[in-house]
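The values are calculated or read from the model by the stated rules, or taken from the named source; none is laboratory data. Source: prediction; values computed, not measured. Positions of Cβ are backbone-derived with ideal geometry, glycine not excepted, and every protein chain shown enters the neighbour counts.
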Amino acid sequence: MEALHHEVELRSDYLENEEAETVYFGGGTPSILSVEEIKAVLFRLKQTFSIISTAEITLEANPDDLNPVYISALRQNGINRLSIGIQSFSDQDLKRMNRRHSTAQAIQSVNEAFRAGFSDISIDLIYGLPGQTADQWRENLAIATTLPVSHISAYHLTYHEGTLFHQWLRQGLLHELTEDESLAQFELLVRSMEKAGFEQYEISNFARNGAYSKHNSSYWSGKKYLGLGPSAHSFNGISRQWNADDIELYVNSVLSGKPAFESEILTPKDKLNDYLITGIRTKWGISVSHIQSVYGESTKEKIVRSVRTYLENGCLQLSGDQISLTKKGIMVSDQIMLSLLVE
C-alpha cells in the first residue's frame with residue numbers, strides 16, 4: 001500500500017492533467033482491503049488527479065468479503081459501483097473452481113449491497129464449465145436475472161496454462177464442452193438476457209437501463225488510462241506500458257523512485273487493429289469516417305471490402321456511418337474480427 005501511494009505521486013503527470021471519468025479497484029481482490037485503506041487511496045488520487053465529480057468509482061469484490069457494515073462504509077466513502085465476482089450459482093461448480101463463497105453467500109451479498117443503497121451492481125458469471133448442462137446454465141441465468149443487478153458480465157471458461165483446470169484437462173480428469181455445446185450456452189445467455197431486459201452492449205456484457213460500465217467502455221473506445229499497482233497496464237494514446245508483476249520487485253522499484261515496467265510504442269497499424277477489434281465487439285461498432293480521417297481513404301476502402309460479405313449475409317449492419325454486429329454476427333464474431341485485422 002505504501003508503494004501504491006508512492007506510485008501515484010511518481011505517475012502524476014501521465015494523464016497530462018486530463019480529467020479522469022472513472023476509477024476502478026480491480027485486477028485481483030481489492031475487497032480484502034479495509035475501508036480505511038480504500039478511502040486513503042481515493043483521497044490520494046483525488047489530491048493528485050483531476051477526477052470529475054460524477055466519476056464512476058468501482059470496487060471488485062468477492063461475495064465472502066462483503067457484509068452489511070463493510071458495504072455501507074464503502075458507499076459512504078466514495079465507492080458508487082460494485083462488481084461482484086460470483087462466477088456461478090452452483091455450489092458444486094464453486095467448489096471445483098476453488099471459490100471461497102457459496103451460492104447463498106453470493107445471493108446475500110447482492111441483496112445486502114442493494115439494501116445499502118447501491119443502485120449500480122454488476123456480477124460476473126462463467127459458462128462453458130466442464131460437465132455443465134444447458135439446464136444448469138439456465139438455472140444460473142434465472143437466478144442472476146432476478147437479482148437487483150444493473151449489469152452482468154458473462155465469460156466462457158478459458159483453460160489457462162498453469163491453472164488446476166488446465167492440469168486436470170491434460171490429465172483427462174475433466175472434459176471440455178464441445179464447440180456446439182458452448183455455442184448453445186452462449187445463445188441461451190443472449191436470449192435470457194434479452195428476455196430479462198438486459199441489453200447486450202458488448203459481446204460479453206449486458207446492462208439494464210443503460211447501466212453500461214463506463215470504465216470498460218473507455219477501454220473499448222480507446223481512451224487514455226493509467227494503471228497503478230503490480231501488473232497494471234497503462235495507455236496514453238502513443239504507447240502501452242505494464243508494471244512488473246512480481247510484487248517484491250514492484251515495491252522495491254517504486255520505493256526507490258524508479259518503477260519497474262515494460263513498454264511498447266504502438267504503430268499506426270497496432271492502433272487501427274485495436275480500434276477495429278475492440279470497437280466491433282460493442283453495439284456502437286466501428287466508424288467508417290473515423291477510419292478514413294485517421295488512417296486514410298485506401299485503408300477505409302480495404303476495411304469496407306473485408307466486411308462486404310458479412311454485410312451482405314446479415315452478420316454485420318451499416319447504420320449511417322457505423323458498422324456493427326447483428327445478432328447473427330455475434331455468433332461468428334471471432335471470424336469477423338479475424339477478417340478485419342490489418343496485416
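Quick one: Phe235 ticks every box in (1) closer than 19 Å to Asn216 by Cα; (2) of a type in the set (Phe, Trp, Tyr); (3) modelled with pLDDT under 95 except a single one, so which number is it?
(3)
Pick out the one residue from Leu177, Leu228, Leu183 that is within 25 Å of Thr278 (Cα to Cα), assigned to a loop (DSSP other than H, G, I, E, B) and touching a residue at least 24 places away in the same chain (Cβ under 8 Å). Before you say what the answer is, go through the steps one by one.
Working: Leu177 fails: within 25 Å of Thr278 (Cα to Cα); Leu183 fails: assigned to a loop (DSSP other than H, G, I, E, B).
After applying the criteria, what remains is Leu228.
Would you confirm whether any residue within the stretch 315-322 is touching a residue at least 24 places away in the same chain (Cβ under 8 Å) and over 30 Å from Ala184 (Cα atoms)?
yes
Have a look at Ala3, Ala20 and point out the one that is hydrophobic (A, V, I, L, M, F, W, C) and within 17 Å of Asn236 (Cα to Cα).
Working: Ala3 fails: within 17 Å of Asn236 (Cα to Cα).
Only one candidate passes the filter, namely Ala20.
Quick check: is even one residue across the stretch 15-28 among the aliphatic types (A, V, I, L, M), at pLDDT below 95 and either exposed (fewer than 13 other Cβ atoms within 10 Å of the Cβ) or more than 22 Å from Ala113 (Cα to Cα) (or both)? Outline the logic, then answer.
Just the residues of the stretch 15-28 that are among the aliphatic types (A, V, I, L, M), to begin with: 15, 20, 23.
Filter again for at pLDDT below 95, leaving 15.
This time we only want the ones that are either exposed (fewer than 13 other Cβ atoms within 10 Å of the Cβ) or more than 22 Å from Ala113 (Cα to Cα) (or both), so: 15.
Within the stretch 15-28 (the criterion being among the aliphatic types (A, V, I, L, M), at pLDDT below 95 and either exposed (fewer than 13 other Cβ atoms within 10 Å of the Cβ) or more than 22 Å from Ala113 (Cα to Cα) (or both)), the answer is yes, since at least one residue qualifies.
Does any residue of the stretch 11-23 turn out to be acidic (Asp, Glu), part of a helix (DSSP H, G or I) and touching a helix residue (DSSP H, G or I) at 6+ places or on another chain (Cβ under 9 Å)? First the steps, then the outcome.
If we filter the stretch 11-23 for residues that are acidic (Asp, Glu), which is where we start, we get 13, 16, 18-19, 21.
Narrowing the set further to residues that are part of a helix (DSSP H, G or I) leaves none.
Checking the stretch 11-23: not a single residue is acidic (Asp, Glu), part of a helix (DSSP H, G or I) and touching a helix residue (DSSP H, G or I) at 6+ places or on another chain (Cβ under 9 Å).
Exactly one of these conditions fails for Asn216: (1) farther than 21 Å from Ala55 by Cβ; (2) part of a helix (DSSP H, G or I); (3) without any contact (Cβ under 8 Å) to a residue 40 or more places away in the chain; (4) of a type outside the set (A, V, I, L, M, F, W, C). Give me its number.
Every condition holds for Asn216 apart from (1).
Consider only pairs whose beta carbons are under 8 Å apart and that are at least six residues apart or on different chains; among these, list those whose first residue lies in the stretch 138-162 and is in contact (Cβ under 8 Å) with a residue 24 or more places away in the chain and whose second residue is outside any helix (DSSP H, G or I) and basic (Lys, Arg).
Final answer for the pair search is Val149/Arg208; Ser150/Arg208; His151/Arg208.
If we keep just the residues of the stretch 326-337 that are in contact (Cβ under 8 Å) with a residue 60 or more places away in the chain and of a type outside the set (S, T, N, Q), which is nearest to Glu194 (Cα to Cα)? If you could, list the steps in order and put the result at the bottom.
Going residue by residue through the stretch 326-337, those that are in contact (Cβ under 8 Å) with a residue 60 or more places away in the chain are 327, 330-331, 333, 337.
From the residues that got through so far, the ones that are of a type outside the set (S, T, N, Q) too are 327, 330-331, 337.
Values: Lys327: 11, Ile330: 14, Met331: 15, Met337: 24 Å.
Here the residue is Lys327.
Please specify each residue of the stretch 246-257 satisfying the condition of being exposed (fewer than 12 other Cβ atoms within 10 Å of the Cβ) and not polar (S, T, N, Q). Please lay out each step first, then the result.
Narrowing the stretch 246-257 to residues exposed (fewer than 12 other Cβ atoms within 10 Å of the Cβ): 248, 256-257.
Correct list: Glu248, Gly257.
How many residues are over 13 Å from Gly279 (Cβ atoms), of a type outside the set (Lys, Arg) and within 22 Å of the chain's Cα centre (by Cα) if we restrict to the stretch 297-340? Don't jump to the end; show me each part of the working.
Step one: filter the stretch 297-340 for residues over 13 Å from Gly279 (Cβ atoms), giving 297-302, 304-306, 308-315, 317-320, 326-332, 334-335, 338-339.
Next, only the ones that are of a type outside the set (Lys, Arg) stay: 297-299, 301, 304, 306, 309-315, 317-320, 326, 329-332, 334-335, 338-339.
Then keep just the ones that are within 22 Å of the chain's Cα centre (by Cα); that gives 326, 329-332, 334-335, 338.
Count: 8.
Could you list, in sequence order, all residues of the stretch 287-316 that are surrounded by fewer than 15 Cβ atoms within 10 Å (Cβ to Cβ) and β-branched (Val, Ile, Thr)?
Val294, Thr309 - these are the residues of the stretch 287-316 that are surrounded by fewer than 15 Cβ atoms within 10 Å (Cβ to Cβ) and β-branched (Val, Ile, Thr).
Determine which single condition Lys195 fails, assuming it passes every other condition in (1) over 28 Å from Leu4 (Cα atoms); (2) basic (Lys, Arg); (3) surrounded by 15 or more Cβ atoms within 10 Å (Cβ to Cβ).
The one condition Lys195 does not meet is (3).
Provide a single number: the residues in the stretch 231-241 that are surrounded by 19 or more Cβ atoms within 10 Å (Cβ to Cβ) and part of a loop (DSSP other than H, G, I, E, B).
Matching residues across the stretch 231-241 total 1.
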